[in-house]
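Have a look at the structure below before the remarks.
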Amino acid sequence: VPQRVPLCSLHPDGVTVAHWEWCALDGAMWSKRVLVTCVVWAALVAPAAAAGIAEETGVTGNSAIDLSAFLSGLLFNGCICVACLLAFSLLRLRVPRVYANNVVIQKVPFEPAKSFFGWATASASVSTEQAAEVVGVDSAMLLEFSVLCMRLSGCLAVPLCVILGLLYSLLGGNAAGEDHLGTVDMGNVKQGHPWIPYVQAGIVWGVCVMVHWNLCRAQAKFLPLRFAWLKSLPTPRADTVLIEDLPMDFRSDAELKDFFVKTLGEGSVREAHVVKHASELRAAVDKREKLRERVHEAELRFQHDGCRPQARLRCCGPRVDVLEQCPDTIEELTERILAERARIRQADQNGDVGVNSGSAFVTFSGRRQAELARGLHCSADRLKWHIRAAPELASVRWQDLTWPSRLKPIGAVLGHAIVIFLILFFMPISAFITNLGKLVKAGPLWAAVAPTIGLQIMMAFLPSILLTVFGLCFVLRAEMWAQHHLQVWYYVFQVIFVILVTAIGTSLFESIQKIAKEPLSFPRTLAVHMPSATHFYMNYIVLQWSAYCLDTLRLDNLVKFYLYRTLYTPDEAVAKTEPEDQSYQGFGSRYARLAIIMAVCIIFSTLSPLVAPLAVIHFALCRLTYGYLIVFAETRKPDTGGAFWVTALKHIQVATLIYALLMVGVLSSRAPNGIPAAIASPSILFVLWSFYYLDNAYDWKKLPFEIIVKTESLRRCWDVLDKDEAYVQPELLDDKDTDSRQDLTAATAGCGCGGGARGRGFDEGDDDEEKAGRPAAEAAPAAASSAGARGAEGGEAADAALAGDRRSATRWGPLP
């Protein structure tokens, strides 16, 4: 959803605008996104009328003029990249608060050189471990993912260009004819070639094995970072668990604390807080904070202009003096807030469960007790007592935790239904917008853009639409869940409407029905159209270079900073400018866009070997730009500890599966006999086994007990953390506690220590375990607690619970 900011500094007559309106900067941001996307895709669109979904998206078949178009696009996008990087090098030195803010606040592993291209050297010098210490594991693994993709592309580029490229061009039979760019791809191989399909069958196996080996190697490198992040989780988050779907008998702070004290022993629980239904209190607190911001803004405007700003406190209300009217309103709200807080606390003390929701946070005296609690089998009803690791305190979505249990599955079903509706009706909606655009007569430029204007608008707004759906329909618990959902579904959309678009034909419904009736026909369906569109994907990769280089300029942040700087201090201006647009520049979108380029490389590199070296350049450019922006310029984001990385690896496996299916279909239709297809067909089973192996061979979700027992004491970082800080809703805290928490959040946001960087976020892996069933070692903690977890048997059961070893724990039997 576009951000809202006060337009005080933009108002023509210099007075403060009272109510919040859509900022012109957001309009500029959306206009820029739509314009850039339209220009990029317009370069790929053929002038012919659209006869299917492929044509509507601009995907065209190979032709004789592709070489000149490719060279022109290569030159044009290369010039844009050079110009953007030169402009960025200059802006970095002129506007450090936008392009080197982490350097200014000294939250970087080292200070880059102040030379013109010092940023490039600094980006190349940053290691994954250094990035993890400063900006978190998710940001560091984004850099590592670009390196992984560059390595995979390089492993494909050398043998495919040397072996297949030469075979296609010299011994293929010159089937491409006048298509000179096609002389080095499979289009130059004549139908039924006697022996090249056998080489391709061997290449298919080599690609699948190479991808699997590199993914396993990358996952093994990721585990130490993940475990270090888990070990360094700060207090109180490391000692706290989130409980959802509490039974009615335990929906009070006292009853819940007493339950865990009886279960785990005296002194094991520090505090328990059941999330309260406090929507009215939250609204009053939010309104008071907005009024305080307006008063602060009016004071700055009064100091700057010398006139008393006026504003409308209500929509369409009269204009009043902000400095005179707002303090009285703030005082009235404060009285209401105090009264509502007292009412909620009194209701909780009186045992009124109506004020309490079904979610709660329990903070234990140590991490051992918290780990034991996560494995407890509290009830025979598996719809109750869902216990997982606590999210980072500052990122908790308190409103989501108050959802009634009966509404959660309804919201999830509704959210998935909306997403599926978008997939099925994505092209009809785009076509409707396109038809409206064609009615406008605005010259030749509009005539070039109009045929795909609907698709470009839908693609530009798609991340924001998906994030809005996730926020409204899903119980996210923490802010980063929305980004993780975006990563998954944004990748799905791009696979369908970028890669598989040529195989869909004229209707997605008809394609789904055909595959459902004849599943074995899917490889041949892929082989009919996809090999003839390889030149489009070469241009597609090249065009992404300029898009990434344009992102390095951070134009939205630059314009906002200069506008805010006229009124606010530099620190306040930076705070209002950051972060960048999270719908397009967040973790979800960035990981998905890198994964889709890697998918294009894997799927089409055997058909057209030149795709691989283009992908190498793309990922090298991403590593260069992201390596500087993420570490030295952008603010640190909440951290999941690597959940995005694991999902991205699965996306590469999906691409490998599509590649194997495509090549089996190609070999079965173009080889002189069925032997090459028979040789390549088992690679599909190998990729499916790779899915299973990578998912089960590396247990990244929990900290292994062998690491816990070797560690004398779990390292505690973030010395700025208050040890008495509690998982309590901000609106229920006293004003001084609220201010302290805000200061704490600001302090920890810039912490550069290892634990601080890794401590932000949540243990995302537990939700996957929730879907698969209850956590392992259900019964061991309960039995261990009966002995106080101090006897030999109790200690053994506790060890089994921490290690997640079901075989060692199930001998106790289920004991609710």
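Residues are listed down the side, and each one gets a yes or a no for (1) farther than 30 Å from Lys702 by Cα; (2) touching a helix residue (DSSP H, G or I) at 6+ places or on another chain (Cβ under 8 Å); (3) among the hydrophobic types (A, V, I, L, M, F, W, C):
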site: Asp581; (1), (2), (3): yes, yes, no
site: Gly586; (1), (2), (3): no, yes, no
site: Ser605; (1), (2), (3): yes, yes, no
site: Val631; (1), (2), (3): no, yes, yes
site: Arg636; (1), (2), (3): no, yes, no
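In this entry, Ile344 passes the filter for residues that are surrounded by 14 or more Cβ atoms within 10 Å (Cβ to Cβ) and either part of a helix (DSSP H, G or I) or touching a residue at least 40 places away in the same chain (Cβ under 8 Å) (or both). Among the residues examined, Val654 does not qualify as closer than 29 Å to Glu297 by Cα, of a type in the set (Val, Ile, Thr) and surrounded by fewer than 24 Cβ atoms within 10 Å (Cβ to Cβ). Being over 22 Å from Leu500 (Cβ atoms), surrounded by 20 or more Cβ atoms within 10 Å (Cβ to Cβ), among the hydrophobic types (A, V, I, L, M, F, W, C) and in contact (Cβ under 8 Å) with a residue 24 or more places away in the chain is true of Phe632. Taking the stated definitions as given, is Gly317 surrounded by fewer than 15 Cβ atoms within 10 Å (Cβ to Cβ) and of a type outside the set (D, E, K, R)? Criteria met by Gly317. Taking the stretch 90-189 as the region of interest, the helices (runs of 4 or more DSSP H) fully inside it that hold 3 or more residues being polar (S, T, N, Q) and either out of contact with any Cys (no Cβ under 8 Å at 6 or more places or on another chain) or closer than 23 Å to Ala527 by Cβ (or both) are 118-125. Filtering the stretch 639-648 for residues that are open to solvent by 10 Å² or more (accessible area, probe 1.4 Å) and in a helix (DSSP H, G or I) leaves a non-empty set. Of all residues in the stretch 285-316, those being without any contact (Cβ under 8 Å) to a residue 40 or more places away in the chain and not in a helix (DSSP H, G or I) number 3. When Ala176 is evaluated against the numbered criteria (1) farther than 19 Å from Phe686 by Cβ; (2) within 27 Å of the chain's Cα centre (by Cα), which criterion, by number, is the only one it fails? Answer for Ala176: the failing condition is (2). A single member of Leu455, Leu462, Leu393, Leu466 is modelled with pLDDT under 75 and either open to solvent by less than 40 Å² (accessible area, probe 1.4 Å) or within 30 Å of Met248 (Cβ to Cβ) (or both), and it is Leu455. Annotation note: of Val199, Val158, the sole residue that is over 18 Å from Ala671 (Cα atoms) and β-branched (Val, Ile, Thr) is Val158.
The values are calculated or read from the model by the stated rules, or taken from the named source; none is laboratory data. Remember, predicted model here, so these are calculated numbers, not experimental data. All Cβ positions, even for glycine, are placed from backbone atoms using ideal geometry, and neighbour counts span all protein chains on display. Note: accessible area is taken over every heavy atom of the protein model, side chains too, but ligands, DNA and RNA are not part of it. Shrake-Rupley method; radii C 1.70, N 1.55, O 1.52, S 1.80 Å.
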